[in-house]
Amino acid sequence: MSDWKGIFKGVGDKEGNARHITLLEDKRLYLATDSGLFISSDNGNTWVRDDIGGPGLGVRWLEFFEDVFIAATAGGVYKNSGEGWKRTFVTAREETEHDVDAADENSRIIKPVNSITLARGNIFLAADSGVFFSEDKGESWKEFTGAGAASLKIRKLAYKDKLYAATDKGVFMFLERERTWKPLYNGMPATDVRDISIGADGYLWAATNRGLYKYKTSVGSGPRSEYHCLDPEINRIMESFKDEPGINEVQKAAIEYAEVHPDKIREWRSAAGKKALLPDVSVGIDRYVTDYWHWDSGTNPDTLQKGRDAVCWDVTMTWDMGEFIWNSDQTSIDTRSKLMVELRDDILNEITRVYFERRRLQIEMFVSPAGDLKLSLEKELRLQELTADIDALTGNYFSEHLPHDY
């Protein structure tokens, strides 16, 4: 049996901490480390440092697409098409004059890129702040839709007919038609997924904080659902829960209870758009007192006389015509909308996870009832705990709509 042989150690902890390796067809090796990029042209016998982005800049991931290198570093994503490295995506706060080639100075993009993936002819970045993609070989980047995954840390992307994401809250699948990310919780108790890969046999593999899991996908149609099965015994078991609220009903109840429905933002935008039609109204009142007490200008010039009280008032209405084109409230609404989307995603992720954890426990209790009294009580308490968790997120909607025999 062959033994492992060390071919690169590096100097110091950072240089020795290798993160990713890329092997080209010409047998060149590219090694990404916390201290920079190292290249070997002789099967790892000798190494040359490539100071991408400056000496000591950590490199997280490196991919080669056609004739272009794309590297994710601690300071951003760099592109090299044979004329040297050029940063095209910024992931750290710093003075912009140090990098005039930076193509994206969005202040929100301050989280690191964790991996790079080629999918559907585009280059995708998995980052702590979401998913980004490039349609021009890494020259410019756009934010990929974040619906359903706006507040997740994306560790790795994988593609086979559909796009999958490994995140800190589980595995998600992108639904093209709905333009949203759907969590794949069924059967996986782990939430922190570090890496995913799809094999030729259609299995999706997930490396998590609780071990390795695999998931059977249906090529061309996405993951196989547990609710569509030809096995009559499975259908019989699932039929036992048909009177309980479905996941869509529970999610809707959670959204309404938390007041994070998308219609709320639409109403804000509609109201802001109508604001320009309403004028600013001001009412003024003035009292003229100069001649209220005055000296008699007639026959008795030494007599102080009292005059009439003179009071006048006015109403002023003004319109800001600029608000017909742009309302400054839109900026505040955009910020609140982003926060609401993130909150809604967190709520939906949590309610979906708890709902299916409860369902798995129900199936376990139904199929394999515990013979030990203590274990049976523990499972029953856990079922009540999960039910209470769902009620807390739905305002008791779930318990109120359970069958009476629960």
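The values are calculated or read from the model by the stated rules, or taken from the named source; none is laboratory data. Every value quoted in this text rests on a predicted model; they were computed, and no experiment measured them. Don't worry about glycine lacking a Cβ; one is built from the backbone with ideal geometry, like all the others, and counts go over all protein chains shown. Heads up: the accessible areas ignore ligands, DNA and RNA and are worked out on the full protein's heavy atoms, side chains in. Shrake-Rupley method; radii C 1.70, N 1.55, O 1.52, S 1.80 Å.
State, to one decimal in nm², a quarter of the convex hull surface area for the C-alpha atoms of the range 1-90, i.e. the direction-averaged projected area.
Averaging across all directions leaves 6.4 nm² for the Cα convex hull.
Could you give the length gained on full extension between residue 177 and residue 275, defined as 0.36 nm per residue of separation minus the Cα-Cα distance, in nm?
Gain on extension, residue 177 to residue 275, equals 31.8 nm.
Which three extents, in angstrom, do the Cα atoms of the range 238-281 have along their principal axes, listed largest first?
Largest to smallest, the principal-axis extents are 63, 13, 10 Å.
Using a Förster distance of 30 Å, how high is the FRET efficiency between residue 135 and residue 23, based on the Cβ-Cβ distance and rounded to 0.05?
The pair residue 135/residue 23 has a calculated efficiency of 0.70.
What number comes out for accessible area per residue over the range 158-217 if the probe is 1.4 Å? Units Å², please. Write down the numbers at each step before the final one.
Working: 2920 Å² over 60 residues.
It amounts to 49 Å² per residue over the range 158-217.
If packing is taken as the average number of other Cβ atoms within 10 Å across a peptide's residues, how do 357-369, 68-80, 246-258 rank, most packed first?
Answer by packing, highest mean first, reads 68-80, 246-258, 357-369.
Which order do peptides 37-43, 393-399 fall in by mean Cβ count within 10 Å, highest first?
393-399, 37-43
With all protein chains present and a 1.4 Å probe, how do 91, 335 order by accessible area, largest first?
335, 91
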